[in-house]
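I have placed the structure first, in the form of structure tokens, so that the comments after it can refer back to it.
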Amino acid sequence: MPEASTTPRISHRKKARNLLVQAMYQWQMAGGLRPDIEAQFRGDNQGKIDWDFFHKALIYITEEADSLDQAFSGKLDRDLSQLDPIELAILRLGTYEFKECLDVPYKVVLNEYIELAKRYGATDSHKYINGVLDKLARELRQVETGRH
């Protein structure tokens, strides 16, 4: 019975992550004010979406992009400026969840962003995202990953 009550919440979070990749891409490429971007996405996307998660993540990421970038930049094989904008958005979102959403198991975070990279990224970007986020999980979620 508990699974049935959490399933909608999980699917709502998944939809929010999907929209966040798009919102972050828009913010990175075109700029704009966070409240305007959020209002646009809320207006364009009705339905069962975890708007609280969307709102908190969008605020945090737009305000703390530099600190998020620092968290994963040491795990990259190239300069941050060479990342594809979708990869950058996904890495920022995954890093945010590793740091701020400790109730979400790291394997769930990893899987969600690999799937988003498959959906929105270049052909093999999901492999790159997997490698970077896996290294980051070992650092940020040491107890959970068993690497402490």
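Details
- When Phe72, Phe98 are checked against the criterion of being over 19 Å from Ala16 (Cα atoms), surrounded by 21 or more Cβ atoms within 10 Å (Cβ to Cβ) and in contact (Cβ under 8 Å) with a residue 24 or more places away in the chain, Phe72 stands alone in meeting it.
- Within region 87-129, tally of residues that are assigned to a helix (DSSP H, G or I) and either acidic (Asp, Glu) or closer than 23 Å to Ile10 by Cβ (or both): 30
- Of all positions in region 127-141, none carries a residue that is at pLDDT 95 or above, surrounded by 15 or more Cβ atoms within 10 Å (Cβ to Cβ) and under 22 Å from Asp50 (Cα atoms).
- Test: Asn18 is at pLDDT 95 or above, over 15 Å from Val132 (Cα atoms) and of a type outside the set (Phe, Trp, Tyr): yes
The values are calculated or read from the model by the stated rules, or taken from the named source; none is laboratory data. Predicted model, so just to flag it, every value in this text is computed and none were measured. Glycine gets a Cβ as well: all are built from the backbone with ideal geometry, and neighbour counts include every protein chain shown.
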